[in-house]
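Take a look at the structure set out below.
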Amino acid sequence: MNNRELVTSIWRSLGEPAVGEEELRRMQKAMGEAFGQGGVSSPASIARILADEGAELKHPEIIEFDAHWRELQIQLEAKRLDSLGNWSPENQLHLRQAESLIKKLEKLRRRFERNGDDQASKQIRTLAIDTRQAADLKARRRSLAEAERAEQSEIAEWFSIWLQTPNLFEQWVELRKSSPDFRKKFSTKD
């Protein structure tokens, strides 16, 4: 069943009432239960589906509810990534910081996956891709010392591994850190 079918089915089961905030809330709740929080449509989108089905709409109520709902979405979006602080891919990381950031990203990724929040999961992935690319660019910068370039290259690799196999990253990084190559390159590093 898709969103349109679910919304139409609920509206019909309610006796095809005029649609306002209460009806839209019921439909959003059902969407969250069926598709996860990432699958919940905006009140205006649901109202559009119902208008196509011939529903009478309580326009002022719908507009007000939609505006309030969107405001809450913006606030939730900001809170989702709060644990990352003021992180920006342009910040230069050191190995410990990179490992810590990847662990935070993984924790968020798992939470968003559990909640069916595809939008937030995509944001986490995009942040990791941007951070990997920034580290890769820094690794190529001739103005940095060789040790700093090596560290940035290592960090870029860590993000690549996490992006490809997030569930295995923790075991992989422990093996990597215990390897002779890593210890030789970064024995004095954090």
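We did not get these values from a lab; they are worked out from the coordinates using the rules stated. Because the structure is predicted, anything quoted here is derived from the model rather than measured. Counting neighbours? That spans all protein chains shown, and the Cβs are built from the backbone with ideal geometry, glycine included.
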Given a cut-off of under 8 Å on Cα pairs at least six residues apart, what relative contact order in percent is computed for the chain?
-> 17
How high is the FRET efficiency from residue 142 to residue 79, r the C-beta distance, R0 45 Å, rounded to 0.05?
-> 0.65
Longest site-free stretch - the chain; sites: GluC sites (Glu not before Pro), DSSP loop, at most 14 other Cβ within 10 Å = 91-190
Of 58/104; 122/177; 79/184; 29/107; 104/184; 58/122, which sit over 32 Å apart, Cα to Cα?
-> 58/104; 79/184; 58/122
How many nm separate the modelled label positions at residue 52 and residue 168, each set 7 Å beyond the Cα in the direction of the Cβ?
-> 4.2
Taking only Cα atoms, what is the 0 to 90° angle, nearest 10, from helix 3-13's long axis to the longest principal axis of the chain?
-> 30
Which aspartates and glutamates have a Cα less than 20 Å from the Cα of residue 138, not counting those fewer than 8 places away in the same chain?
-> 90, 99, 130, 146, 148, 151, 154, 157, 190
R0 of 35 Å, Cβ-Cβ distance residue 59-residue 126: FRET efficiency to nearest 0.05 = 0.45
What value, in deg cm²/dmol to 500, does the helix sum -39500 (n - 2.57) over DSSP H runs of n ≥ 4 give at 222 nm once divided by the residues of the chain?
-> -23500 deg cm²/dmol
Taking trypsin sites (Lys or Arg not before Pro) as candidate sites, keep only those in a DSSP loop with at most 15 other Cβ atoms within 10 Å, then name the longest stretch of the chain containing none of them.
-> 1-139
If amide H atoms are modeled at 1.01 Å from N in the peptide plane, then the residues at a separation of 5 or more from residue 19, or on another chain, having amide H under 5 Å from its own are 56, 57, 58
Just from the alpha-carbon atoms, what are the Rg and Dmax of region 50-190 in angstroms?
-> 20.7, 72
Label residue 104 and residue 182 with points 7 Å out from Cα along Cα→Cβ: what is the distance between them in nm?
-> 2.1
With axes computed from alpha carbons, what is the tilt in degrees of helix 59-80 against the longest principal axis of the chain, rounded to the nearest 10 within 0 to 90?
-> 20
Taking the Cα centre of the chain as origin and charging only Cβ (+1 Lys, Arg; -1 Asp, Glu), how large is the dipole, in debye to the nearest 20?
-> 1180
